[in-house]
Amino acid sequence: GCRDDIMVYLIQNGLKHEVAFEISEFIRKGKAAKNPDKWDSYSKVMREHKIPEWYIWSSGQIKYMFPKAHATAYVMMALRIAWFKVHRPIYFYSAYFSKRARDFDLVAMQGGEYTIEKRMEEIDQKGNKATETEKRLYTVLEVALEMVKRGFGFDPIDIMRSDAKDFVISEDKQRLRLPFVALDGLGYKVAQSIVDAREEKLFNSQEDVKNRTGVTKTSFDKLSALDAFKDLPEDSQMSLFDF
């Protein structure tokens with residue numbers, strides 16, 4: 001099925017290596033329909049080497065084919081991912097949510113099995129009226145549900161512990177810390193501004209977070225409602241008495 005098979009077949013039928021490669025690449029990239037004159041000349045060469053008509057015709061119908069090495073690389077990657085999903089699940093889920101997903105529902109994911117299923121049902125009931133964002137979210141929630149059913153869970157957003165976009169694995173390898181980008185309306189740039197400011201100097205108050213990051217009032221209020229600030233005092237003056 002791959003280009004390499006065509007090339008080997010042509011060589012076995014007497015075509016020179018260079019010509020066989022050239023024709024197989026032409027076929028693989030679906031150029032027969034786009035360049036009929038060239039295809040006629042290649043077809044003639046193939047007929048001269050007694051390649052069957054059905055084979056020449058079929059080759060001319062191909063739109064695109066993976067090179068075998070490309071196909072092999074994909075299979076190897078899939079096997080690696082499958083191995084992690086079975087044997088190192090928390091690493092698999094961390095990578096999936098950090099790299100592949102971009103739509104989240106904090107409340108549903110933090111709540112566990114029941115709240116995730118409930119949110120999925122809400123999207124299900126919308127049917128065709130569900131937005132593209134909700135459809136993407138549904139896929140993410142399916143993976144989250146699988147994860148919690150396997151005994152893992154999510155830790156809430158924490159101003160001192162969350163990463164900008166990565167789902168950080170807990171020390172006991174049982175939980176993932178929700179990142180700042182998981183908050184609806186808080187983009188990567190702002191999320192990174194929180195992490196950069198925190199690394200420069202730990203926040204001493206909620207006021208300090210406002211002053212040194214790009215967090216908007218809306219996002220700040222959402223973080224506050226989610227108890228992301230924990231014991232952080234409202235302003236720096238209050239922290240002077242916080243011994």
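Just a few scattered comments:
- Residue match in the stretch 93-109 (condition: polar (S, T, N, Q), within 14 Å of LEU226 (Cβ to Cβ) and at pLDDT 95 or above): no
- Within the stretch 130-144, the set of residues being open to solvent by less than 40 Å² (accessible area, probe 1.4 Å) and either among the small types (Gly, Ala, Ser) or not in a helix (DSSP H, G or I) (or both) comprises ALA130, ALA144.
- Every pair of residues 6+ apart whose Cβ atoms lie under 8 Å, when the first sits in the stretch 64-86 and is assigned to a loop (DSSP other than H, G, I, E, B) while the second is modelled with pLDDT under 90 and surrounded by fewer than 11 Cβ atoms within 10 Å (Cβ to Cβ): MET65/GLY1
- Checked against (1) open to solvent by 30 Å² or more (accessible area, probe 1.4 Å); (2) in contact with a His (Cβ under 8 Å, 6 or more places away or on another chain), LYS50 passes all but a single condition, namely (2).
- Residues within the stretch 145-193 that are open to solvent by less than 20 Å² (accessible area, probe 1.4 Å) and either within 18 Å of LYS222 (Cα to Cα) or out of contact with any Ser or Thr (no Cβ under 7 Å at 6 or more places or on another chain) (or both), tallied: 15
- Filter result for ASP196 (surrounded by 18 or more Cβ atoms within 10 Å (Cβ to Cβ), assigned to a helix (DSSP H, G or I) and of a type in the set (Asp, Glu)): no
- The residues of the stretch 95-129 include none that are among the hydroxyl-bearing types (Ser, Thr, Tyr), within 17 Å of ILE157 (Cβ to Cβ), open to solvent by 20 Å² or more (accessible area, probe 1.4 Å) and touching a residue at least 40 places away in the same chain (Cβ under 8 Å).
- The residue pairs whose first member lies in the stretch 228-239 and is over 12 Å from PHE203 (Cα atoms), whose second member is modelled with pLDDT of 90 or more and of a type in the set (Ser, Thr, Tyr), and whose beta carbons are closer than 9 Å, counting only pairs six or more residues apart or on different chains, are ALA228/SER162; GLN237/SER205; MET238/SER205.
The values are calculated or read from the model by the stated rules, or taken from the named source; none is laboratory data. Bear in mind that the values here come from a model prediction, so they are computed numbers and not experimental data. Positions of Cβ are backbone-derived with ideal geometry, glycine not excepted, and every protein chain shown enters the neighbour counts. SASA here: full protein model, heavy atoms, side chains in, ligands and nucleic acids out. Shrake-Rupley method; radii C 1.70, N 1.55, O 1.52, S 1.80 Å.
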